[in-house]
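S.K.: Please see the structure below; I have some questions.
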Amino acid sequence: MFLSKVIILLIPIFYFCSTNSSISQTYPIYNEIPSIAVVDQEALFAKSKWGKNILNQVELLVSSLATENRSIEKGLENEELFLTEKRKLISKKEFNVFALEFDLKVQNIRKQQGEKQKNINFLLNDKRTQFFERITPILLMLINDLGVEVLLKKDTVALASLGSDITLIAIKWIDETLKD
């Protein structure tokens, strides 16, 4: 009976000691890249030298187009003011002809400027496509070198450890490989 009481008293102590050691354990810290890694594709483009160069070129084109649009807008405002003054001096029929010509001119300019914007967007999309085509072999070499089996886009992953994100390493490899 005494032995059974001692055993009953020792069981909680053994249980507490064994669970206490598991409480003090920490989460694993990965020193190596896991077999599944993630990469931020937007950062690959925006932070790599090649991508930054393209974005700078596009920004210059957009800025130039904006300057051109402001200049055209000023010219059209002046022309509209001239038509407003001319309206006082000519018949309604003559004014309607001038107003229609002005309206067609504005529509034509909007179409031309819209096409220029579309061309800039097309250029950016084309350069992005070229970029991702050119970096695919680089990323394949990188994941093979790191021992990564699967590479996922970061924006499609719900949760991932910090150690699984290889974006910065990939950007370094891209910058070292893409020189033009």
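S.K.: With Cβ to Cβ distances under 11 Å as the rule, what net charge do the other residues near Glu133 carry (K, R +1; D, E -1)?
M.R.: +2
S.K.: Let me ask something additional. What is the sum of charges around Ser63, taking Lys and Arg as +1, Asp and Glu as -1, for the other residues whose C-beta is under 13 Å from the C-beta of Ser63?
M.R.: Result for the neighbourhood of Ser63: 0.
S.K.: A further question follows. What does the extension gain come out to for Thr129 and Leu178, with contour length at 0.36 nm per residue minus their alpha carbon separation?
M.R.: Details: separation 49, 0.36 × 49 = 17.64 nm, distance 1.46 nm.
My answer for the length gained is 16.2 nm.
S.K.: Using the Cβ atoms and a cut-off under 13 Å, what net charge is assigned to the surroundings of Glu94, where Lys and Arg are +1 and Asp and Glu are -1?
M.R.: Working: positive: Lys86, Arg87, Lys88, Lys92, Lys93; negative: Glu101.
Summing Lys/Arg as +1 and Asp/Glu as -1 gives +4.
S.K.: What's the extension gain from Ser35 to Glu115 if we count 0.36 nm per residue and subtract their Cα-Cα distance?
M.R.: Details: separation 80, 0.36 × 80 = 28.80 nm, distance 4.61 nm.
Additional length available on full extension: 24.2 nm.
S.K.: Averaging the inverse of every distinct alpha carbon separation and then flipping it gives the Kirkwood radius. What is it for segment 26-177, in angstrom units? Show your work: numbers first, answer last.
M.R.: Values: mean 1/r = 0.0504 Å⁻¹.
So the Kirkwood estimate lands at 19.9 Å.
S.K.: Another question about this same structure. Going by how many other Cβ atoms sit within 10 Å of their own, how do Trp50, Trp173 line up, fewest first? Spell out each step's value before the answer.
M.R.: Working: Trp50 21, Trp173 18.
Going from sparsest to densest Cβ surroundings: Trp173, Trp50.
S.K.: Which cross-chain or sequence-distant (5 or more) residues have an amide H under 5 Å from the amide H of Val38, H modelled 1.01 Å from N in plane?
M.R.: Leu152, Asp165, Ile166
S.K.: Over 22 Å between C-alpha atoms is what I'm after, so list which of Lys88/Lys111; Lys52/Lys154; Lys47/Lys116 land there.
M.R.: Lys88/Lys111; Lys47/Lys116
S.K.: Arrange Arg134, Arg70 by Cβ neighbour counts within 10 Å, fewest through most, would you?
M.R.: Arg70, Arg134
S.K.: Measuring from label point to label point, each 7 Å out along Cα→Cβ, what is the Val62 to Asn96 span in nm?
M.R.: For Val62 paired with Asn96, the spin-label model returns 4.4 nm.
Any read-out appearing in this document is the output of simple, stated calculations on the displayed coordinates, not a laboratory observation. These numbers come from a predicted model, not from an experiment. As a convention, Cβ positions derive from the backbone with ideal geometry for all residues, glycine included, and neighbour counts pool all protein chains shown.
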